[in-house]
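Read the structure below first, then the notes.
Values quoted throughout were computed directly from the atomic coordinates according to the rules given, and no laboratory measurement underlies them. From a predicted model like this one, the values you see are computed outputs, not experimental measurements. Here the Cβ is made from the backbone with ideal geometry for all residues, glycine too, and neighbour counts use every protein chain on show.
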Amino acid sequence: MADPMKIRANLAGDTTEVKVLMSHEMETGQRKDAQGKVIPAWFIQNVTATWNGKTVLSAEWGPAIAKNPFLSFRFKGGARGDKVQVNWVDNRGDKRSDEATIA
Amino acid sequence: MRQRIRAAVAVAGFACAVPLALAQGSATEEIEKYRQALQDGNPADLWEMRGEGLWRTPAGPKKATLEQCDLGKGPGVVKGAYAELPRYFADAGRVMDLETRLVWCRVTLQGLSEADAKKNPYGSSNRKSDNEALVAYVTSQSRGIPMNVRLDNPQMKEAFALGEKIFYFRGGPHDFACATCHGEDGKRIRLQDLPNLTAKAGAQKGYSTWPAYRVSQGELRTFQWRLNDCFRQQRFPELEFASPASIALTTFLAYNANGAPFDAPAIKR
């Protein structure tokens, strides 16, 4: 089970700004270990964000994204107290979903 | 690695040439911009979260949390505690820095053996360190609070004096002291500027920005780690985790940073 994400969601005018920190190795598949064996690729593949159940962001990621990635995005709408949920699935099928309340 | 260092020394020999000096200045600015860009999404937050969880979760043979751990301001007081460390602890009868005190609390409150509590102080991706997470949480609770280490008893004065001695002690195969790299303005290793720890501004900036998330390592590193790695770079014998020497050196450096608003966990290259 992966470590939780840290999500901040703030309302500014009519848009909500969401900032997400994810805990993930994001192994590229290009590196080798001390024995010279390739370390298999392991990275987040799909990211979605929903606001009150409605998808506001959907992304396909690859191995070029950094370790412990930081994602920031805005969407129109949102009200204080609404829930924003962020989900990711990696190429091993591991998943993580976390939620934050818009402040 | 060794060859690279020699190359860096060769370049430094010509650093008085004007164009190179200019290039160095702009590179420093670019690194500063890069750091600022990363500041907002500092992954150190992930360590803080995990550390707070560890602090509040019962663990060890005694199934106890660390919430009653006395970091110097009374049992359970975390806010501002790091800004006053190291300090003398009467219950232990010696001066302790944060990481030594965390070992103490995990032994006395949670019932771990000292060896277990000291195991794995510096983690890697498949071997996460509880020490690093706990340090991230505790230090985050001192952010913005001015450093205030007091030499108000003989043990603290003794630790400070010993730390000062270690700082200026030359030895090892390279005949280095901490002061060799950290005793003058404008020194650097490759493109990394080194703070002059013998001047107030450098001492404050150097100490108040650790612990930090090291982008190049993908881990949060503590002050004990910083000292340990400086010793390695000097080719000194290994600085043992939570040893009296490490606490003394930390006391010297922390006291010299007094007055600086604490500004970590930070993010570094």
- Query: Using Cα-only point scatterers and the Debye equation, what is log10 of I(q)/I(0) for the range B:44-140 at each q in 0.15 Å⁻¹, rounded to two decimals?
  - Reply: -0.54
- Hey, if you put +1 on the Cβ of every Lys and Arg and -1 on every Asp and Glu Cβ in the range A:6-101, which of A:91, A:11, A:40 ends up farthest toward the positive end of that dipole? A:11
- How many percent of the alpha carbon pairs in the protein assembly as shown exceed a separation of 27 Å? 55
- residue B:68 versus residue B:29: modelled label distance in nm, points set 7 Å from Cα along the beta carbon direction: 5.7
- Message: Under a Cβ-only charge scheme (Lys and Arg +1, Asp and Glu -1), can you give me the dipole magnitude of chain B about the Cα centre, in debye to the nearest 20?
- Response: 460
- Query: Separation of the range B:34-63 and the range B:105-135 by C-alpha centroid, Å?
  - Reply: 14
- Can you tell me the FRET efficiency between residue B:119 and residue B:57 if r is taken as the Cβ-Cβ distance and R0 is 22 Å, rounded to the nearest 0.05? 0.75
- Dipole magnitude (debye, nearest 20) for the range A:6-101, charges at Cβ of Lys, Arg, Asp, Glu: 100
- Task: Let me see the pair-distance distribution of the range A:38-103: every alpha carbon pair, 10 Å bin width, integer percents in order.
- Result: 19, 49, 24, 7, 1
- Item | Cα centre as origin, Lys/Arg/Asp/Glu Cβ charges: the protein assembly as shown dipole, Debye | 440
- Residues meeting the amide H criterion for residue B:70 (H placed from the backbone, H to H distance under 5 Å, 5 or more places apart or on another chain) are B:76
- Message: Check which residues have an amide H placed less than 5 Å from residue B:267's amide H, if you skip close sequence neighbours.
- Response: B:213
- Note on the structure: Output row, site residue B:174, 7 Å Cα→C-beta label point, backbone N cut-off 18 Å, window the range B:229-269, residues B:229-240
- Amide H neighbours of residue B:171 under 5 Å, at least 5 residues apart or on other chains, H built in the peptide plane: list them. B:176, B:177
- Links that overshoot a 26 Å alpha carbon limit, given the list A:67/B:73; B:157/B:200; B:165/B:268; B:157/B:205; A:32/B:205: A:67/B:73; B:165/B:268; A:32/B:205
- Message: Which of B:100, A:28 has the fewest other C-beta atoms within 10 Å, and how do the rest follow up to the most?
- Response: A:28, B:100
- Cα gyration tensor, the range B:134-178 - rounded (a/c under 1.5), prolate or oblate: oblate
- Hey, fewest Cβ within 10 Å first, where do B:28, B:65, B:222 land in order? B:28, B:65, B:222
- Task: Quick one: what are the phi-derived ³J(HN,Hα) couplings along the range B:256-265, Karplus 6.51/-1.76/1.60 with θ = phi - 60°, whole Hz, x for glycine and proline?
- Result: 5, 8, 3, x, 6, x, 5, 9, 9, x
